[in-house]
Amino acid sequence: MAIKEQIMADLKQAMKNKDKKRLLVLRSLKSKLLEREISEREGGEGSISDEQAIEVLMKAAKQRKESIDQFEKGDRADLAENEKEELEIIESYLPKMLSEEEIRDVAQNIIDELGASDMSDMGQVMGVMMQELKGKAEGSLVSKVVKEELS
């Protein structure tokens, strides 16, 4: 089942179960997915692929992570906990993210393939890395690993 359809089905189930937290998050995701779908329309027709849906979900997850960080810095554990719960729900629809070690292995292979040797090659390496790891790793972590490998 496509990600969008899964979210819609789970939204209906959350309504039946009166699961307010899950319902709130799924409605938010539905809204973001519909916005993306509308922006992709051509000639009145449009739909989004799973890859595009994953991009939307990753952006929502990233926003939650940033909020958690800000709330924790501001000593607002109650709000941070709320964001963590929402993040868990969002991450349940995302594919399993790669670990730093797995990203490092991919980075080493790509650096070897491209013959990259120093930081001046970072843009080229990052371009290939992000294409290959799209939806499987966060850009900030990939960037950190590539910097370490090229240093």
Just to be sure I understand, how many residues within segment 119-133 are in contact with a helix residue (DSSP H, G or I) (Cβ under 7 Å, 6 or more places away or on another chain) and either open to solvent by 70 Å² or more (accessible area, probe 1.4 Å) or among the basic types (Lys, Arg) (or both)? 3
Which one of these does Ala80 not meet: (1) in contact with an Asp or Glu (Cβ under 7 Å, 6 or more places away or on another chain); (2) closer than 23 Å to Asp50 by Cα? (2)
Listed by first then second residue, the pairs whose first member lies in segment 1-25 and is within 18 Å of Ile48 (Cα to Cα), whose partner is acidic (Asp, Glu) and in a helix (DSSP H, G or I), with beta carbons under 6 Å and at least 6 positions apart or on separate chains, are Ala2/Asp50; Ile3/Asp50
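Quick grid of which residues meet (1) under 24 Å from Glu149 (Cβ atoms); (2) out of contact with any Leu (no Cβ under 9 Å at 6 or more places or on another chain):
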| position | (1), (2) |
| --- | --- |
| Ser31 | no, yes |
| Ser39 | no, yes |
| Gly43 | no, yes |
| Ser67 | no, no |
| Asp75 | no, yes |
| Asn82 | no, yes |
| Leu94 | no, no |
| Gln108 | yes, yes |
| Glu113 | yes, yes |
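Here's the yes/no breakdown for (1) closer than 16 Å to Ala60 by Cβ; (2) in contact with a helix residue (DSSP H, G or I) (Cβ under 8 Å, 6 or more places away or on another chain):
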| position | (1), (2) |
| --- | --- |
| Ala2 | no, yes |
| Glu5 | no, no |
| Lys12 | no, no |
| Lys16 | no, no |
| Arg22 | yes, yes |
| Val25 | yes, yes |
| Leu29 | yes, yes |
| Lys32 | yes, yes |
| Ser39 | yes, no |
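Could you pull out the residue among Gln52, Gln13 that is open to solvent by 70 Å² or more (accessible area, probe 1.4 Å), in a helix (DSSP H, G or I), out of contact with any Gly (no Cβ under 8 Å at 6 or more places or on another chain) and of a type in the set (S, T, N, Q)?
On the way: Gln52 fails: open to solvent by 70 Å² or more (accessible area, probe 1.4 Å).
When all the criteria are applied, what remains is Gln13.
The values are calculated or read from the model by the stated rules, or taken from the named source; none is laboratory data. Just so we're clear, the structure is a prediction, and the values are computed from it rather than from any experiment. For neighbour counting, all protein chains shown are included, and Cβ atoms are generated from backbone atoms with ideal geometry for every residue, glycine included. The protein model used for the area step is the full one, side chains on, heavy atoms only, and it has no ligands, DNA or RNA in it. Shrake-Rupley method; radii C 1.70, N 1.55, O 1.52, S 1.80 Å.
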